[in-house]
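Notes follow once the structure below has been shown.
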Amino acid sequence: MSLAQLLFYIMAFIAIASALFVASTANLVRSIFMFFVTLFALAGLYVLALADFVAITQIVIYVGGILVLILFAFMLSGKETLNAIGQQPGRFISIKTLPAFLLAGLFLIVLVNMILKADADNLAWVKKAAVTKNMILPGSAMTENIGINLMTKYLLPFEAISVLLMVALIGAAHLSRKGEKQ
Amino acid sequence: MITLTDFLIVSAALFCVGLYMIVSKQNAIQILIGIELMLNAAILNLVAFGKYDRLNNGGQIFALFAIVLAAATTAVALAIILNVYKQYKTIDPGKIDKLRD
């Protein structure tokens, strides 16, 4: 087993174990902090899939932006909010969560079955990519590739997403304004 | 060698954990984290397949756009959750059941 494979198993185990902890704990703050660990493990998995720029973007935007935003929104609420939503009732395995368990478990069985049947490594275009030099090798310059593609082939989604970010900014700022005194 | 199937199975497991959180949690912020988990599973899927598409690089670029969209979604969702809390004084989705004020 090579070092890359060993690292992959370690990162995958950390990601799935911390995701299970996030799902099972009733304390909201603990689940947010364990989600940090999940996102870092996922960034490690992206590096192993030879997507280094996506991994750095994940750490900067997802961990450093979105999770910090969730933490701020939760921690800077008033004291009543913290008491009301900090601790949730109910245990992980109880009769009320049984339908959710069944749904998630059966869907996992369906997905894994489909993945094993699809046999993604032997798809025609995947095998052709290795032959026609269309595969990303560990030494390729991906940032330059992303930059060139983003400015030529994917220019329209790039501009559209900047408009969408402006709309989301205006929407979030408007929704969280202080209302008039009644 | 890390095969494509390994990545897909990890992505499926994370997706199902996120699905469990969305269906069973009684806290709107934990539901939001479940949605983020599902998004991350999909982005892992995209990046895993993107390894075999160097010229068009559709996988990694789509993954970048998905991360940006997740950020926009989370910001607006948090603003909505805070507004709902101001109105209903609870964020249990089971108790938020009126359409009017």
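The values are calculated or read from the model by the stated rules, or taken from the named source; none is laboratory data. Everything numeric here is computed off the predicted structure, so don't read it as measured data. Please note: Cβ atoms are built from the backbone with ideal geometry, for glycine as well, and neighbour counts cover all protein chains shown. These area figures cover heavy atoms from the full protein model, side chains too; ligands, DNA and RNA do not enter into them. Shrake-Rupley method; radii C 1.70, N 1.55, O 1.52, S 1.80 Å.
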**Request:** Confirm whether A:I61 is at the interface with another protein chain (Cβ under 10 Å from one of its Cβ atoms), part of a helix (DSSP H, G or I) and either of a type outside the set (K, R) or surrounded by fewer than 20 Cβ atoms within 10 Å (Cβ to Cβ) (or both).
**Result:** yes
**Request:** Residue by residue through segment A:1-24, note down the ones that are more than 7 Å from chain B (Cβ to nearest Cβ), in contact (Cβ under 8 Å) with a residue 24 or more places away in the chain and touching a helix residue (DSSP H, G or I) at 6+ places or on another chain (Cβ under 7 Å).
**Result:** A:L7, A:M11, A:I14
**Request:** Test A:L103 against the stated conditions and say whether it is assigned to a helix (DSSP H, G or I) and over 30 Å from B:Y85 (Cβ atoms).
**Result:** no
**Message:** Quick check on my filter: what residues within segment A:138-152 are open to solvent by 100 Å² or more (accessible area, probe 1.4 Å) and either of a type in the set (S, T, N, Q) or outside any helix (DSSP H, G or I) (or both)?
**Reply:** A:P138
**Message:** surrounded by 22 or more Cβ atoms within 10 Å (Cβ to Cβ), in contact (Cβ under 8 Å) with a residue 24 or more places away in the chain and within 29 Å of A:M142 (Cα to Cα): is that true of B:L44 in this structure?
**Reply:** yes
**Item:** Whichever residue in segment B:69-95 is under 12 Å from the mean Cα position of the chain (by Cα) and β-branched (V, I, T) and, among such residues, is farthest from the other protein chains (Cβ to nearest Cβ)
**Value:** B:T73
**Message:** Between A:A173, A:A141, A:A120, A:A124, which is small (G, A, S), under 22 Å from B:G50 (Cα atoms) and facing another protein chain (nearest Cβ under 9 Å)?
**Reply:** A:A120
**Asked** When the residues of segment B:22-31 are filtered to those that are more than 7 Å from chain A (Cβ to nearest Cβ) and open to solvent by less than 50 Å² (accessible area, probe 1.4 Å), which remaining residue is modelled with the highest pLDDT?
**Response** B:I31
**Complete:** Scanning segment A:13-43 residue by residue, those under 13 Å from the mean Cα position of the chain (by Cα) and small (G, A, S) turn out to be A:A15, A:S18, A:A19, A:A41, A:A43
**Complete:** A:K127: passes all of (1) open to solvent by 90 Å² or more (accessible area, probe 1.4 Å); (2) in a loop (DSSP other than H, G, I, E, B) but (2)
